[in-house]
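Notes for the one structure printed next.
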Amino acid sequence: MRFFSVVLIIILGISSGWGQNNLPGAWRAYLNHTECIQAAEMNGIVYTLSKGGMFAYEPESQETRTFSTIDGLSGINPTTIYHAEANGSIFIGYESGMIDYFSDEGNINYLSQIQTNTFYTQKRINEFFAKDNRLYVATDFGLVIYNLSDGLPVTDVTQFGLGNPTRLKITSVTVFKNRIFVLVQNVGIFSADENSTNLKDPSVWTPEDESTGFPATEPVYQLKSTPTILLARSDTSTYFSDGSSGWAPHPKLTGKLDRLYAWGEIVGGSRINRTSVFYNETDQITFFIDGGVEDVVYLRKNVFLVATRFNGLQYFDTYEVSNATPDGPRTNDCIRIAAGNGELYVAPKGYDQAFTPEVSTLGIYYYTAQQGWTFLDKDQGLDPSVSTGFARVTYDDNTASTWVGSWGSGLVELKNGQQEAFYNCQNAGISTINANCNLTNRENSRVSGIDRDFSGNLWMSLDFAREPLMVRGTDGNWSAAPSFRFPQNHHIIDMIVDDYGSKWMLNAEQGVLVYLDNNTPTDFDDDRVISLKAGLNQGNLPTNQVYSIAKDLDGFIWVGTGQGVTVFYDPYSISQGKIVDASPPVFERRPLLKDAIINAIYVDGGNRKWFATNDGVFLMSEDGDEEIYHFNEANSPILSDAVNDIAVDNSTGEVFFATARGIISFQGDATTGEDNCNDILVFPNPVFSDYEGVVTIRGTGLESRVKITSVSGLLVKEIRSQGGTAIWDGRDVYGNKVRSGVYLALISDRNGDNGCVGKFTVIAR
């Protein structure tokens, strides 16, 4: 017989998943759930895996609940889900080999033995099957069997035979009439007695082939079983066996199928959008659900929940179809994001890793807590000539306007999620790569940076355009800086305007270009361009590979490179035409994030710096010499270590991370400082004595002093705000929790002037 190995593991131990109590602030996920993978029903609730993690749907109440890493999932890239009825638990498998399980969705635990095993490199969990006290796990390296006891995996360890030199992939597993059946990819079906004492021995496994009457010569893709028959789905047919008389084509499950289903004695199959269910020899139903059927859950006769590849979870009740998918973005794509005043805008996709345009029709994603998610594209409010490939977005806190750039078609101006105006080569003379304005060429005007200067002029950089910098004056007219001012091989990927009106442009692998217009934005005769590169007296960048740029509250320019961060502390001299060298902040005796690629930089209301890298997110102090947070997959719910962008809603302090797997946010403690403190907000208010969280005082001035006192004037504690927000732990200067009563927050600016008061109550409970 053909050789393959089976691994039998009886579980090593149990660890509980992430809980919010371990985190320094509240997290929230903003994920797409329309791309479904698989579903399972337990206690009347259907749990569906999607590209956004998992969600639960209760048919009776029609309510949905979403689950991500915040709620204890090991990731949002699951591969399979299964309800072990005898055990009363849902099991979830992942690409990494991790397994989550729960009987109570509020307490998700995990099994990490496969994931942490260093002998195997491919550990994907492909399928589960449970019988009695055993959970069978089909993986990319063999079969793993967990022993279940008293409804939970046992903690004793017994491990048999880790030798599997061929590491053959098992894609499907089931147990039928006391025999274990496994499907070995590109090899075939094998079976063994479930009571065998040495399942790693190849000799105990029998191939299902011509010797046992299996007629298929083409590949087999799936196994399923009912109490009376075993099913095998091949490339063109479905075969069955009753365990005594060999194999035969199934009389109902005919033709090419994508999926097989078995619910007790009921069987079914689906192909693309068509699903057929057979209750018995004469009773059946066939129905169509658009979106590509991935899985079907049987609820009762003629009532199903259908997980689709593109349209989420669909509820089917005797040919009546309704949507059962939670609200979310259209996809988890997110190259750039911007936030402010309770609004979140997402530029989902416009180019690949090499900045080559990808003509995407995803549009713009827009979110508010009141309205949920809406999508702006050519069918929903955007002009068709500039509605694809969005890759840049900037939110203007002063005007509440948002500018979204297409990587090929121009610029859109939005307000409150509605298009205000659009600009392209035809109606505004936006510069193009090619000589002609051709609106059918979706790669023509790649908007790479958007910012306003202190006079209200809107500046826009364009990648590879003939004129890479344009300005829209306060009169509404567009002008282009002359191309001869720029190097011939410019590759502009971002741009900001500093406090002196200089335009700082990232020139990809050639450093930084600074455009000086001598405070005459539309008079180009007196303009010049300065090039800042690696090397002393040339700009002193650590490398010419530049990826991100930001201006902090002191006016300093922070540049993210392929070798960490550096800062230009004298932008004024540069605005006067001088080349000034940058210098890196020093953290732990070395240049800040020296070995990291800095994908994005955001300066929050406290002048602290957020850095997006391929190793997670870093929050550093104002000068970059102190690490406040480092969020990665190992220590936080962040969805991916690869983070594309960061945005902060300065009205709330919520920090949004655009990761390679979607958007997640962290409730930060810094907001934009107010000029006065007429709108002081203290929450929660009242504060109950058993409350273990922090008290937030929002609406303070920048870097305010906040004194917490009793109403009689007794000082409890003094703190300082981060931007417009101060955080108090509810304890006095001695670390003791305060007693019940009325308290005041006495707020003054950094000089002790401009005082105002917030009042709140602590109540014993």
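The values are calculated or read from the model by the stated rules, or taken from the named source; none is laboratory data. Predicted model only: the values in this text are computed from it and were never measured. So basically every Cβ, Gly included, is an ideal-geometry build from the backbone, and we count neighbours across all protein chains shown. Calculation scope for accessible area: heavy atoms of the full protein, side chains included, ligands and nucleic acids excluded. Shrake-Rupley method; radii C 1.70, N 1.55, O 1.52, S 1.80 Å.
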Unit Cα scatterers, Debye sum, the stretch 182-338: log10 I(q)/I(0) for q = 0.13, 0.19 Å⁻¹
-0.71, -1.15
Kirkwood radius from Cα pairs of the stretch 496-602 plugged into Stokes-Einstein at 25 °C, 0.890 mPa s, gives D in µm²/s equal to 178
Where Rh denotes the Kirkwood radius from the mean inverse Cα pair distance, what is Rg over Rh for the stretch 227-314?
0.97
Per-residue HN-Hα couplings for the stretch 103-117, Karplus 6.51 cos²θ - 1.76 cosθ + 1.60 at θ = phi - 60°, whole Hz, x for Gly and Pro?
9, 10, 4, x, 9, 8, 10, 9, 10, 10, 5, 5, 5, 8, 5
Rounded to a whole number, what % of the accessible area of the chain do carbon and sulfur atoms account for, probe 1.4 Å?
44
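Can you compute the helix-only [θ] at 222 nm over the chain? Use -39500 (n - 2.57) per DSSP H run of at least 4 residues, normalise by all residues, nearest 500 deg cm²/dmol. If you can, show how the numbers build up before the last one.
Working: 2 runs with 9 residues, N = 765.
One gets 0 deg cm²/dmol as the mean residue ellipticity at 222 nm.
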May I ask for the Kirkwood hydrodynamic radius of the stretch 356-459, worked out over all distinct Cα pairs and given in angstroms to one decimal?
14.0
Around Glu208, which amide H atoms from residues at least 5 apart in sequence, or from another chain, sit under 5 Å from its own amide H, with H modelled in the peptide plane?
Ile189, Phe190, Ser191
So the FRET efficiency between Glu627 and Ile719, C-beta based with R0 = 25 Å and rounded to 0.05, is 0.75
Between Asn186 and Val757, what is 0.36 nm times their sequence separation minus the Cα-Cα distance? Round to one decimal in nm.
198.3 nm
Placing each pseudo-label 7 Å from Cα in the direction of the beta carbon, Phe310 and Arg271 end up separated by a distance in nanometres of 1.9
Would you kindly work out the equivalent ellipsoid of the chain from its C-alpha gyration tensor and give its semi-axes, the square roots of five times the eigenvalues, largest first in whole Å?
53, 33, 25
So what is the relative contact order of the chain, in percent, for Cα pairs below 8 Å that sit 6 or more residues apart?
7
What is the ratio of the Cα radius of gyration of the stretch 398-544 to 2.2 N^0.38 Å, where N is its residue count, to two decimals?
1.03
For the stretch 253-332, what does the accessible surface come to per residue with a 1.4 Å probe? Please give it in Å².
44
At 25 °C and 0.890 mPa s, grab the translational diffusion coefficient of the stretch 288-361 from Stokes-Einstein with a Kirkwood Rh over Cα pairs, rounded to a whole number in µm² per second.
163
